[in-house]
Amino acid sequence: MTSPYTLYGAPVSLFTGKARSYLRKQGIDFVEVSPGSDRYLNYIVPTVGRWIIPVMETPDGRIIQDGADIIDHFEKGDGQPLRRMSVYPESPVLLAISHLFEIFGGEGLMRPAMHYRWNFDRENLDYLRSEFALVAPPAASPEEGERVFLHNSGRMRKATVKFGATPETAPLVEQAFHQWLDLFNAHLAHHPYLLGGQPTIGDFGLIAAMWAHLFRDPVPQSLIKAHAPRVGRWVERMATSEPYAHEYDAETDMISDNDVPETLKSMMRHVAEEWLPEITAHYEHANQWLADRPDLVAGTNGKDNPASRNIGEAVFEWRGTRITTVVQPYRFWLLQRLHDDLAAAEPSDQARVRQLFRDTGVEALLDLRTIRRVDRVDHLEVWGPVTDD
């Protein structure tokens, strides 16, 4: 019998949720191991080059870091025979939509995810203290577990501010999240998943924030259950290998790429309002940052710390106020996946994607580029070579 895959992650981790959901949906045999384990701390971290989750170790010892790379191991790599279905739609239109929500789920929902976790201590603190104890070494004492929590709490509270969730923006963050729930809940009235009868990479992107932070944490969970119950059932559906689709027909068909539902278009318009100004500002900052470093060596991140994920901060207008958020090249790498798949499509399909994205206000995302590509080499985000393009 083949040994199962090992997923190093934690229930409290946003990005682990993307990989875990995929493995469950595809019926892949795996065990989840705490990042406090000896194997993770003494082997995985030195191999990957930083403390980060999720990481998957294959039965033959291969190490794969990042939810998208873990998924692609099975979708496009050696693990193909193990999957039940492809999560990348064949239709270029549906594939582009799916990539859009993969990015928005993991990155565009970061602000409400961090706000609802770290800005409600009265309701959340005891729960979070218990959850973060799970990333401590298994034999840790209560005092050691508390130190782990305080370390992570301090680090994540700083990150919350860097993602734009501050006391000043709190009402806007909550307003935006309420709108998102209303739109998603309306769409799920007729479709069990984002694009119809099966989950796609868009669902797995969305589940990242929607599972760990926005459904398991006390404050947003009560909000979802009270005001967006279909979203809650979608989260539960994404967390199990069972169909869990009582309110829908048993069909597994995808929506038609010639008749994209208005509910889905409304969700795309929300992405335009909620995230397009931010990611546009990030590209502008990154391109200036790169222009200021013409001698940056390809295959590096241009920082003194090879594991650093940030290249500064960008200022932009969001919902009528100016805010500042941290710029991370990982986001550009994710968006390149949309760009690359669209470039591989037939010209007629590219035009259809553009028209849909234009109609929903997100066309500008298709044209955002950094002057050097972002690559992932040895589990780290690095800058590619200078090109003549």
### Task
Return the single residue from ASP378, ASP66, ASP340 with maximal mean-square fluctuation; model: Gaussian network over the chain, springs between Cα atoms under 10 Å.
ASP340
### Query
With each pseudo-label sitting 7 Å past Cα toward Cβ, what's the GLU144-ASP375 distance in nm, one decimal?
4.0 nm
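Which shape class applies to the range 177-265: rounded if a/c is under 1.5, otherwise prolate when a/b exceeds b/c and oblate if not, where a ≥ b ≥ c are the square roots of the Cα gyration tensor eigenvalues? Don't jump to the answer; show the numbers that get you there.
Values: a/c = 1.79, a/b = 1.44, b/c = 1.25.
Here the range 177-265 falls in the prolate category.
Compute the Cα gyration tensor for the chain, then decide on rounded, prolate or oblate, letting a ≥ b ≥ c be the square roots of its eigenvalues: rounded whenever a/c is under 1.5, prolate when a/b is larger than b/c in the other cases, and oblate in all that remain.
Details: a/c = 1.18, a/b = 1.08, b/c = 1.09.
Verdict is rounded for the chain.
Add -39500 (n - 2.57) for each DSSP H run of 4 or more in the chain, then divide by its residues: what number comes out at 222 nm, to the nearest 500 deg cm²/dmol? Working shown, then result.
Working: 15 runs with 186 residues, N = 389.
That comes out to -15000 deg cm²/dmol.
Keeping all protein chains in place and using 1.4 angstrom, which order do GLU251, GLU174 fall into by accessible surface area, from largest down? Write down the numbers at each step before the final one.
Working: GLU251 125, GLU174 60 Å².
Largest to smallest exposure gives the sequence GLU251, GLU174.
Please pull out the direction-averaged projected area of the range 260-361, using the convex hull of its alpha-carbon atoms, in nm² to one decimal place.
Details: hull surface 33.7 nm².
Approximately 8.4 nm², given one-decimal rounding.
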### Message
Pairwise over distinct Cα atoms, reciprocal of the mean inverse distance: report the Kirkwood radius of the range 211-306 in Å, one decimal place.
### Response
18.1 Å
### Query
Cα centroid distance between the range 278-295 and the range 179-234, in Å?
33 Å
## Note on the structure
Whole-Å distance linking the alpha carbon centroid of the range 93-170 with that of the range 346-376 is 30 Å
### Query
For the range 15-99, what % of the accessible area comes from carbon and sulfur atoms, probe 1.4 Å?
49 percent
### Query
Considering only protein heavy atoms, what is the solvent-accessible area of GLU317 at a probe of 1.4 Å, reported in Å² to the nearest 10?
110 Å²
### Summary
Once the in-chain neighbours fewer than 8 apart are removed, the lysines whose Cα is under 30 Å from LYS162 read LYS18, LYS225, LYS265, LYS303
#### Entry: Sequence of LYS265, LYS18 from largest to smallest accessible area, 1.4 Å probe
LYS265, LYS18
## Note on the structure
Between the residues ALA140, ALA209, TRP383, the Cα farthest towards the positive end of the dipole of the chain, that dipole coming from +1 and -1 charges on the beta-carbon of Lys, Arg, Asp and Glu, is from ALA140
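Counting only heavy atoms of the protein chains, get the accessible area per residue of the chain (1.4 Å probe) and round it to a whole Å² value.
Details: 16600 Å² over 389 residues.
Dividing the accessible area of the chain by its residue count gives 43 Å².
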### Task
Rounded, prolate or oblate: pick one for the range 175-214, where a ≥ b ≥ c are the square roots of the eigenvalues of its C-alpha gyration tensor, a/c under 1.5 means rounded, and failing that, prolate if a/b is larger than b/c, else oblate.
oblate
#### Entry: Whole-Hz ³J(HN,Hα) from phi, Karplus 6.51 cos²θ - 1.76 cosθ + 1.60, for the range 348-364, glycine and proline x
5, 6, 4, 5, 5, 4, 4, 5, 5, 5, 5, 5, 9, x, 10, 4, 4
### Task
Return the distance in nm (one decimal) between the two label points of a simple spin-label model at ARG129 and ARG319, each offset 7 Å from Cα along Cα→Cβ.
3.0 nm
### Query
GNM, the chain, Cα, under 10 Å: largest mean-square fluctuation among VAL12, VAL31, VAL87?
VAL31
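The values are calculated or read from the model by the stated rules, or taken from the named source; none is laboratory data. All of these numbers come straight from a predicted model, not from anything done at the bench. Because the Cβ atoms are built from the backbone with ideal geometry, glycine has one as well, and the counts that use them run over all protein chains shown. Heavy atoms of the whole protein, side chains included, go into the accessibility calculation; ligands, DNA and RNA do not. Shrake-Rupley method; radii C 1.70, N 1.55, O 1.52, S 1.80 Å.
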